[in-house]
Amino acid sequence: MHDKQRTVARITDSLVSLGKSKRLAAMRKSQQVELEKTLQSAKPFSGKKAQQISQARENIEQKIAEIKSALPAGKQSKLFALRYGSEQKIIQLSVQQLYVLLKIKQELAIEIRDVKYRKE
């Protein structure tokens, strides 16, 4: 028989400590700056506006579930993607675009028409 040799993987510290490497410090700093920019750009919505957005998203999810339930089992996601687009595409669309795409007939508040369906 063959003799098997076993090896053990161990996690070790990096060769250069994080505090002494200028390149690693620059990468860390750039990541922190990008994170701060995204946090500053994300403005929280007011109570009424947030409620309208959540209601619109709920209507969209309900319509998607309704459409998928009418499709044959096992092929729901594939057929939905062929007709309406992939999930990545749908996530990037605004609420107004999804209302038109899915033919939702409910009124949509003007303030939230340009809000993205989901933030990535």
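The values are calculated or read from the model by the stated rules, or taken from the named source; none is laboratory data. These figures come from a predicted structure and were not determined experimentally. Every residue, glycine among them, receives a Cβ derived from its backbone with ideal geometry; neighbour counts consider all protein chains shown. With ligands, DNA and RNA removed, areas are computed over all heavy atoms of the protein, side chains included. Shrake-Rupley method; radii C 1.70, N 1.55, O 1.52, S 1.80 Å.
Quick one: which residue in Lys48, Lys103, Lys119 is at pLDDT below 85, basic (Lys, Arg), open to solvent by 90 Å² or more (accessible area, probe 1.4 Å) and outside any helix (DSSP H, G or I)? Break it down into steps so the answer makes sense when it comes.
On the way: Lys48 fails: outside any helix (DSSP H, G or I); Lys103 fails: at pLDDT below 85.
Going through Lys48, Lys103, Lys119 in turn, just one is at pLDDT below 85, basic (Lys, Arg), open to solvent by 90 Å² or more (accessible area, probe 1.4 Å) and outside any helix (DSSP H, G or I): Lys119.
Per-residue answers, yes or no, for (1) over 14 Å from Tyr117 (Cα atoms); (2) under 19 Å from the mean Cα position of the chain (by Cα); (3) not in a helix (DSSP H, G or I):
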position: Gln52; (1), (2), (3): no, no, no
position: Ala65; (1), (2), (3): yes, yes, no
position: Ala73; (1), (2), (3): yes, no, yes
position: Phe80; (1), (2), (3): yes, yes, no
position: Ile90; (1), (2), (3): no, yes, no
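Applying the selection to segment 46-84, what residues are closer than 25 Å to Ile110 by Cβ and touching a residue at least 12 places away in the same chain (Cβ under 8 Å)? Reasoning before the result, please.
Going residue by residue through segment 46-84, those that are closer than 25 Å to Ile110 by Cβ are 46-64, 84.
Scanning segment 46-84 gives Lys49, Gln52, Ile53, Ala56, Arg57, Asn59, Ile60, Lys63, Ile64, Tyr84.
Every residue, every condition in (1) open to solvent by 60 Å² or more (accessible area, probe 1.4 Å); (2) modelled with pLDDT under 75, yes or no:
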{"position": "Leu18", "(1), (2)": "yes, yes"}
{"position": "Ala42", "(1), (2)": "no, yes"}
{"position": "Gly74", "(1), (2)": "yes, no"}
{"position": "Glu87", "(1), (2)": "yes, no"}
{"position": "Leu98", "(1), (2)": "no, no"}
{"position": "Glu111", "(1), (2)": "yes, no"}
